[in-house]
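Below is one structure, written out as structure tokens; the observations come after it.
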Amino acid sequence: MTMAQTAGTARSFAKGEEIIQCRGVHKWYGEFHVLKNIDLSVAKGERIVICGPSGSGKSTMIRCLNRLEEHQKGSIVVDGIELTGNLKNIELVRREVGMVFQHFNLFPHLTVLENCTLAPIWVRKKPKAEAEELAMRYLRRVRIAEQAHKYPGQLSGGQQQRVAIARSLCMSPKVMLFDEPTSALDPEMVKEVLDVMIGLAEDGMTMLCVTHEMGFAKSVADRVIFMDRGEIVEQNTPNEFFNNPQSDRTRLFLSQILNH
Amino acid sequence: MTDNVHTGSIPDERPPANTVGPVAWLRNNLFNTWYNALLTILIAWLLVKAIPPLLDWLIFSANSFGTPPQVCRQQGGACWTFVSEKLRFVMFGTFPYDEQWRPLVTIVIIIALVLMSCDRRFWKPWLGLMWVGGLTAVGVLMWGGVLGLTYVENTLWGGLPLTLMLSVIGLSVAFPASILLALGRRSQLPAIRVMSVTYIELIRGVPLISLLFMASVMFPLFLPTGVNFDKLLRAQIAFIMFAAAYMAEAIRGGLQAIPKGQYEAADALGLNYWQAMRKIILPQALAISIPPLVNTFISFFKDTSLVIIIGLYDLLGTAKAALSDPAWRGFYREAYLFIGVIYWVFCYSMSKYSQKLERDLRRGHRR
């Protein structure tokens, strides 16, 4: 498959109003070319799973979308705002883009509830009572409301990740980014987190998820993106992607992760 | 198959007798190897030799309060009359005798402010106002000249109020300054980083004594003639500058221990730099920095005694001055022991409080 074809399919996928547009995005770590000519459009409500071998740039790509990483070439527009060095714009984009990390990154010195109310109070300037009410609603939704006054260190990994999801949701984001949300979890806790994510998808949240959970990709995603060595190699509906992969690299990757 | 399954439970048993109890403790801690046994015996012998004469001097042969110095000299043993006789001079220095209630109230106010600040329930904005009010009251009491209080020049100040003012005001100004320096040293803005690094490395590379000398001798040379800058204030500024550089490094250690994920999570939620620092990074970094910070606090509390070299009489200075009274010459053991105890009480309280604070802060997020 040529780059032109992948770029073409990228545009044809996003139907309806676009919320993220990446055009010719490149990124280097020093001499290392980590992202190569990324073209990606995401429509509102779209659920995208990004997979690929480690070091393929998938985490780097979604981290560019809220400017945790800086791209050096091309343009990224999120919710109508282009990400440049402008700090105000970066903060505006980050308010609308929630992120869930592999290692949860909860604030250990704050309770679960305080973790959830911090950004609404300080960034959205909500009154404390309102922020707490909102937080409790999302904590109930991820089924962890009864732990609201505990500290993150007292919870299991799966519980912490669910709190992290609730914390992001409290900012009422338009897009959620998931960076390998289940990779650091013990196997028996993966399901509780995936269930929360499936629930979110069903409610119409725009999601980009880097994950190795192919079952999740098959059942939830509108589109699966395969990255290798810094480029988007192939993207397709889950059905086509898994049953009829186009490129050799995709076939090799699928054979490695599915046949064991 | 049944051999592989254990039904029922094994009852709890007591540990073997030779692993618990005082005998086991002695064996494990004092006599576990031949060289530890030897050290234990040696130390026990030294204690037996040292403690009885010490107690004898301190208590049994000591002359009680009121014994005149001549009698003390003949009898041997500690002469506690020195302390009772010289107490007010050691505590308040050359502050006018009839007005010495003023430095006494000053001591009470400063200690009250510090104690209040120790309670986390009081960590509210109004505590800052209490400090402003308290320190204003201290200024009024010490200087006077208003409200019917006679004016007392600050060259007459001395003793414990001076020690407390230099250290408490010094550390409370140096602490926020050190946070800014530590953040500056890790800033992504090159100018701020270079300035912070230069400041910290310059000040840390110079002994405190030379900084005090510079403040008292060299600094006036740069001022236009006629402009006279108070000596006490100069010493105070030298202290603040020095303490800030040291504490900045302690805090930087804490900042470096915070995982990158905490910064990223704060960024991803849309918090700006100062919000992220104030709400996420500093509370964790400062909690980690408590042991090195308290170390700095304690050493600076004691280092205030160096102001004696520029002619200010802090607690150590007044004790030395009291010893120069011909009638009381030679009672240096009593004098140094007395102020040593005062210093120790303050330093040990700081240490104890910091341990409590560490426990409180850790309790929340312990796994």
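The values are calculated or read from the model by the stated rules, or taken from the named source; none is laboratory data. From a predicted model like this one, the values you see are computed outputs, not experimental measurements. A quick note on method: Cβ atoms are made from the backbone with ideal geometry, for glycine too, and the neighbour counts reach across all protein chains shown. Accessible surface areas use protein heavy atoms only, side chains included; no ligands, DNA or RNA. Shrake-Rupley method; radii C 1.70, N 1.55, O 1.52, S 1.80 Å.
Observations on the structure shown:
- Filter result for B:Y313 (more than 30 Å from B:E334 (Cβ to Cβ) and not hydrophobic (A, V, I, L, M, F, W, C)): no
- Evaluating A:N89 against the criteria (1) over 18 Å from the mean Cα position of the chain (by Cα); (2) of a type in the set (S, T, N, Q); (3) more than 14 Å from chain B (Cβ to nearest Cβ) leaves one unmet condition, (3).
To keep it simple, each residue is scored yes or no on (1) at the interface with another protein chain (Cβ under 10 Å from one of its Cβ atoms); (2) touching a helix residue (DSSP H, G or I) at 6+ places or on another chain (Cβ under 8 Å); (3) of a type outside the set (G, A, S).
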{"residue": "B:M214", "(1), (2), (3)": "no, yes, yes"}
{"residue": "B:M218", "(1), (2), (3)": "no, no, yes"}
{"residue": "B:K231", "(1), (2), (3)": "no, yes, yes"}
{"residue": "B:I237", "(1), (2), (3)": "no, yes, yes"}
{"residue": "B:F242", "(1), (2), (3)": "no, yes, yes"}
{"residue": "B:G253", "(1), (2), (3)": "no, yes, no"}
{"residue": "B:G270", "(1), (2), (3)": "yes, yes, no"}
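- Matching residues, the range B:22-70, being more than 35 Å from the chain's Cα centre (by Cα) and surrounded by fewer than 10 Cβ atoms within 10 Å (Cβ to Cβ): B:P22, B:T33, B:W34, B:Y35, B:Q70
- Matching residues, the range A:200-214, being open to solvent by 10 Å² or more (accessible area, probe 1.4 Å) and either within 16 Å of A:L65 (Cβ to Cβ) or in contact with a helix residue (DSSP H, G or I) (Cβ under 8 Å, 6 or more places away or on another chain) (or both): A:M205, A:H212, A:E213, A:M214
- Of everything listed in (1) over 19 Å from the mean Cα position of the chain (by Cα); (2) modelled with pLDDT of 85 or more; (3) open to solvent by 50 Å² or more (accessible area, probe 1.4 Å), the single unmet condition for B:N295 is (1).
- Scanning the range B:114-166 for residues that are among the β-branched types (V, I, T) and open to solvent by 60 Å² or more (accessible area, probe 1.4 Å) gives B:V132, B:T136, B:V146, B:T150, B:T155.
- Hits in the range B:90-108 (condition: open to solvent by 30 Å² or more (accessible area, probe 1.4 Å) and under 12 Å from B:F338 (Cβ atoms)): B:M91
- Candidates in the range B:322-346 are the residues that are of a type in the set (A, V, I, L, M, F, W, C) and open to solvent by less than 30 Å² (accessible area, probe 1.4 Å); of these, the one that is farthest from B:G76 (Cα to Cα) is B:I342.
- Conditions (1) modelled with pLDDT of 90 or more; (2) within 25 Å of A:L258 (Cβ to Cβ); number of the one not met by A:Q5: (1)
- Cβ pairs under 7 Å, 6+ apart, first in the range B:195-222 and in contact (Cβ under 8 Å) with a residue 24 or more places away in the chain, second of a type in the set (F, W, Y) and part of a helix (DSSP H, G or I): B:I203/B:F242; B:R204/B:Y246; B:L208/B:F242; B:L211/B:F242
- Against the conditions (1) of a type outside the set (D, E, K, R); (2) touching a strand residue (DSSP E or B) at 6+ places or on another chain (Cβ under 7 Å); (3) more than 21 Å from B:W57 (Cα to Cα), B:Y348 satisfies every one except (2).
- Matching option when the condition is within 9 Å of another protein chain (Cβ to nearest Cβ), open to solvent by 10 Å² or more (accessible area, probe 1.4 Å) and more than 13 Å from the chain's Cα centre (by Cα), among B:A266, B:A287, B:A257: B:A287
- One residue stands out in the range A:75-86 among those that are in contact (Cβ under 8 Å) with a residue 24 or more places away in the chain and open to solvent by 10 Å² or more (accessible area, probe 1.4 Å): the one that is farthest from the other protein chains (Cβ to nearest Cβ), namely A:S75.
- Every condition in (1) open to solvent by less than 20 Å² (accessible area, probe 1.4 Å); (2) under 16 Å from A:I198 (Cα atoms) is met by A:R140 except one, and the failing one is (1).
- Boolean, B:S187 is within 20 Å of B:L232 (Cα to Cα) and out of contact with any strand residue (DSSP E or B) (no Cβ under 9 Å at 6 or more places or on another chain): no
- Only a single criterion out of (1) open to solvent by 10 Å² or more (accessible area, probe 1.4 Å); (2) at the interface with chain B (Cβ under 8 Å from one of its Cβ atoms) is not satisfied by A:G98, namely (1).
- Meets criteria (touching a Phe, Trp or Tyr at 6+ places or on another chain (Cβ under 7 Å) and in contact (Cβ under 8 Å) with a residue 60 or more places away in the chain) for B:L160: no
- Which numbered condition A:F107 misses (of (1) more than 8 Å from chain B (Cβ to nearest Cβ); (2) open to solvent by less than 10 Å² (accessible area, probe 1.4 Å); (3) closer than 24 Å to A:S183 by Cα): (1)
- Verdict on B:V173 being open to solvent by 60 Å² or more (accessible area, probe 1.4 Å), among the hydrophobic types (A, V, I, L, M, F, W, C), touching a residue at least 40 places away in the same chain (Cβ under 8 Å) and not assigned by TED's automatic domain parsing to the domain that holds B:W131: yes
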